[in-house]
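Below: one structure, written as structure tokens.
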Amino acid sequence: MYALAIATLALSAADHWTTYLCLRSPVLGWQVTEANPISQWLFEAIGLVPGLLLDSAVTASDAVLELRERLYLMPASTVLSGIEQELHDADGREARLAEKIGQFPDDTFDFVIVDCPPSVGLLTFNALIAVDEVIIPVDASFFSMHGLSKLRETLEVVEEELKHRLTVHVLCNNIDTRTHFSNEMLDEVEKFHSGVLLDTYIIHSVRLKEAAARGKTVFELAARSKPAGQFLSLAREIIEKEPRIETRNLEEWMERLHGPRQVPEGVLFAIDAPNADQVRVTGEFTNWSREGRKMERDPHDGLWKIVMNIPPGEYEYRFIVDGVWIRDPNNKDYIRNEFGQENSLLIV
């Protein structure tokens with residue numbers, strides 16, 4: 001018997017998860033927010049997860065509601081539908097969720113489950129950076145199978161670009177095993193995704209719809225039903241799988257995702273140029289010297305780096321990769337020079 005502390009985080013504007021859990025435990029949830037004024041304001045105004053992502057002053061603890069013993073929720077709202085526009089030019093926007101979840105001590109929760117929207121945008125990207133494992137539900141349909149293949153391609157890009165290993169699980173869900181078509185689809189999933197396919201699958205059942213409509217778990221409504229047994233089997237399978245993830249290094253991701261940043265020693269420049277023999281940085285802080293400053297490849301993550309002591313101010317700069325002058329691909333801020341070329345902009 002497992003006694004686990006579970007935090008669930010809603011990252012979808014539709015947010016059926018928050019609706020369901022707050023229907024189950026509205027009193028306890030509101031008691032917690034009333035005890036914390038900032039949580040109450042966030043919950044009433046925009047939802048806790050949007051506040052967590054938008055406001056640097058909001059901590060992870062502010063965003064958590066205790067619904068019952070060992071079950072916690074970070075609720076969302078429809079405000080999430082516009083959050084990508086709000087954060088489109090914000091520094092560190094892709095790693096905000098990871099930074100906030102990282103504020104919890106390691107022993108706070110056994111699992112943090114993030115419910116993602118059915119699209120790969122900024123919200124889902126935040127989730128992928130914040131987590132170690134991904135469960136992809138797929139039903140017995142062609143479009144679901146197609147979406148599964150595309151999503152796995154996206155995950156491979158995330159792993160390659162950010163050097164962030166994700167353990168992927170594919171879960172067959174809402175399966176009607178009585179039909180020949182569903183069984184054919186199951187065979188297709190096993191054929192192309194056998195290495196990540198979970199042994200457990202969830203059947204199509206009206207019991208699950210009834211439980212959601214009544215604000216109950218399937219275990220409360222029909223503990224002896226087949227889907228209840230399958231969800232228990234799914235939980236055991238996930239828990240008992242040996243972890244294959246190394247500890248994440250958020251600092252490395254920030255170097256890959258963004259341009260120069262302040263460090264105690266000065267300003268850190270970094271660029272991913274895996275095939276280059278030599279990389280330099282030059283700009284107004286070197287009087288646009290053709291030699292610039294030579295960068296060194298970090299043997300740990302493969303990035304070319306240099307730390308420079310630069311006085312406060314605004315500076316234009318470029319990288320010189322094997323003699324070719326380029327703007328910083330990780331810095332969205334740039335200025336066109338008199339020749340129409342794009343120089344990256346650094347503000348110290």
Report the dimensions of the range 259-347 along its three principal axes from the alpha-carbon atoms, largest first, rounded to Å. 37, 29, 23
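Could you put Lys100, Lys305, Lys150 in order, starting from the residue whose Cβ has the fewest other Cβ atoms within 10 Å? Could you put the intermediate results ahead of the total?
Details: Lys100 23, Lys305 16, Lys150 11.
The most exposed by this proxy come first: Lys150, Lys305, Lys100.
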May I ask you to sort Trp304, Trp288 by Cβ crowding, counting other Cβ atoms within 10 Å and putting the fewest first? Trp288, Trp304
Relative contact order as a percentage, the range 259-347, C-alpha pairs under 8 Å and 6+ apart, gives 29 percent
Could you pull out the GluC sites (Glu not before Pro) across the range 275-306 that fall in loop regions by DSSP (anything but H, G, I, E, B) with no more than 12 other Cβ atoms inside 10 Å? Glu291
Please report Arg152, Arg224, Arg290 as a ranked list, fewest other C-beta atoms within 10 angstrom at the top and most at the bottom. Arg224, Arg290, Arg152
Whole-Hz ³J(HN,Hα) for each residue in the range 231-238, computed from phi via Karplus 6.51 cos²θ - 1.76 cosθ + 1.60 with θ = phi - 60°, x for glycine and proline: what do you get? 5, 5, 5, 4, 4, 4, 5, 5
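Bear in mind these aren't lab numbers, they're just calculated from the coordinates by the rules spelled out. As the structure is a prediction and not an experimental result, all values here were calculated from the model. Note that we place each Cβ from the backbone using ideal geometry, even for glycine, and neighbour counts take in every protein chain shown.
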